[in-house]
Amino acid sequence: MIPLSWYLLLSAALFCLGVIGFLIKRNLITVFMSIELMLNGVNLSFVTFAHQWHLVKGQIFVFFVMVVAAAEAAVGLAIIIAVFRARSTLAVDRIDLMKL
Amino acid sequence: MHLILFIVFAGFCLAGAINLLLQTHPINSALSLVVVMCSLAVLYLLLGAEFLAAAQIIVYAGAIMVLFTFVVMLLNAGREERTLGSRAAKAVGFPAVVAILGVIATLILKAQGLGSATLSDPITSTEDLSRVLFHELLLPFEVTSVLILVAILGAVALARAGDGERRVSK
């Protein structure tokens, strides 16, 4: 038997690690992976609160987050492929112009 | 038992997340993200969310991460190099994020009335979940199917070689 605050602390830690990754990583794909890490951290706190109040809707929200994450991954990776085709690099420092 | 499972898989989770940050090659980061997602699925099971645990494995660790590794291999992404920007982000970002984590942690630890989780807690069955999903939340559910359709079309339109490029090459 463990307190639910431990789960919340874990989810906060995951979210903050995702933010750190988003800030310090210099590869476009890894930055994108850090965003997925943040989404996962938030999902864990949704599931924890769904357990706390015995509500199903918290879990359904996680389900919707997963759907949006899947759509986001598909579109985002397509954009990454298009950027790579135009610039032949994945370093975020070199992708600094909007025009091609 | 619950405590051991939580500590083991929370440890896996944090180790995978930290490894994601430490690795310089994107494929290693992707594989450590798979570890994070699989151990999160076990934590969902501990919290009685069996459908979400399965969906986490299938959708996240399966579909999304396969997409990621596929793109990493397709683009032949190499190691990242340290630049001025990344050093500045480290110098400013770390204290800021640690401050945010500190604020969130104190809020969580000060919160009253948070319960506790045991292995004998009732499990939210897929039946309960679908009862709410297909009665009260039917419209949002159908809207997400439109979202997925738009995302598929957008991904195909973005990823294929554009017309402009072809005209230039001619």
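Residues of the stretch A:3-52 that are more than 16 Å from residue B:40 (Cβ to Cβ), among the aliphatic types (A, V, I, L, M) and without any contact (Cβ under 8 Å) to a residue 40 or more places away in the chain: A:19, A:20, A:23, A:24. Taken over the stretch A:4-23, the criterion of being of a type in the set (A, V, I, L, M, F, W, C), surrounded by 22 or more Cβ atoms within 10 Å (Cβ to Cβ) and more than 7 Å from chain B (Cβ to nearest Cβ) is satisfied by A:15 alone.
How many residues are under 24 Å from residue B:50 (Cα atoms), out of contact with any strand residue (DSSP E or B) (no Cβ under 9 Å at 6 or more places or on another chain) and of a type outside the set (S, T, N, Q) when one looks only at the stretch B:105-138?
Going through the stretch B:105-138 one residue at a time, the tally reaches 13.
Please work out if residue A:47 is at the interface with chain B (Cβ under 8 Å from one of its Cβ atoms), touching a strand residue (DSSP E or B) at 6+ places or on another chain (Cβ under 7 Å), more than 22 Å from residue B:77 (Cβ to Cβ) and surrounded by 23 or more Cβ atoms within 10 Å (Cβ to Cβ). Spelling it out, residue A:47 is indeed at the interface with chain B (Cβ under 8 Å from one of its Cβ atoms), touching a strand residue (DSSP E or B) at 6+ places or on another chain (Cβ under 7 Å), more than 22 Å from residue B:77 (Cβ to Cβ) and surrounded by 23 or more Cβ atoms within 10 Å (Cβ to Cβ).
Among residues of the stretch B:84-110 that are on the phi < 0 side of the Ramachandran plot and more than 7 Å from every other protein chain (Cβ to nearest Cβ), those with a beta-carbon under 8 Å from a residue that is assigned to a helix (DSSP H, G or I) and not aliphatic (A, V, I, L, M) at least six positions away or on a different chain give the pairs B:98/A:16. I'd like to check something: does the stretch B:28-39 contain any residue that is farther than 23 Å from residue A:74 by Cβ, part of a helix (DSSP H, G or I) and within 13 Å of the chain's Cα centre (by Cα)? Yes, the stretch B:28-39 contains a residue that is farther than 23 Å from residue A:74 by Cβ, part of a helix (DSSP H, G or I) and within 13 Å of the chain's Cα centre (by Cα). Need pairs with beta-carbon distance below 7 Å; first residue under 16 Å from residue B:81 (Cβ atoms) and facing chain B (nearest Cβ under 10 Å) and within the stretch A:82-98, second among the aromatic types (Phe, Trp, Tyr) and surrounded by 14 or more Cβ atoms within 10 Å (Cβ to Cβ); sequence gap 6+ or separate chains. Pairs found: A:90/A:84.
Residues of the stretch B:1-20 that are touching a residue at least 24 places away in the same chain (Cβ under 8 Å) and under 20 Å from the mean Cα position of the chain (by Cα): B:6, B:9, B:10, B:12, B:13.
Which ranges mark the helices (runs of 4 or more DSSP H) fully within the stretch A:1-92 that have 3 or more residues being within 27 Å of residue B:112 (Cβ to Cβ) and hydroxyl-bearing (Ser, Thr, Tyr)?
Values: elements: A:4-24, A:28-52, A:57-87.
Counting at least 3 such residues, we get A:4-24.
Consider the stretch A:24-44. How many of its residues are more than 7 Å from every other protein chain (Cβ to nearest Cβ) and of a type in the set (A, V, I, L, M, F, W, C)? Looking only at that region, the number is 7. Selection of first residues in the stretch B:139-155 that are at the interface with chain A (Cβ under 9 Å from one of its Cβ atoms) and of second residues that are surrounded by fewer than 12 Cβ atoms within 10 Å (Cβ to Cβ) and not polar (S, T, N, Q), restricted to Cβ pairs under 9 Å at least 6 apart or on distinct chains, gives the following pairs, ordered by first then second residue: B:141/B:134. Among the conditions (1) within 7 Å of chain B (Cβ to nearest Cβ); (2) over 16 Å from residue B:43 (Cβ atoms); (3) surrounded by fewer than 21 Cβ atoms within 10 Å (Cβ to Cβ); (4) of a type outside the set (Lys, Arg), residue A:1 misses just one, which is (2).
The conditions of being modelled with pLDDT of 90 or more, within 27 Å of residue A:25 (Cα to Cα) and surrounded by fewer than 22 Cβ atoms within 10 Å (Cβ to Cβ) are not met by residue B:6. Taking the criterion of being in a helix (DSSP H, G or I) and exposed (fewer than 13 other Cβ atoms within 10 Å of the Cβ), the residues of the stretch B:97-115 that qualify are B:98, B:99, B:102, B:103, B:106, B:107, B:109, B:110.
The values are calculated or read from the model by the stated rules, or taken from the named source; none is laboratory data. None of the values given here were measured: they were computed from a predicted structure. All Cβ positions, glycine included, derive from the backbone under ideal geometry; neighbour counts span all protein chains shown.
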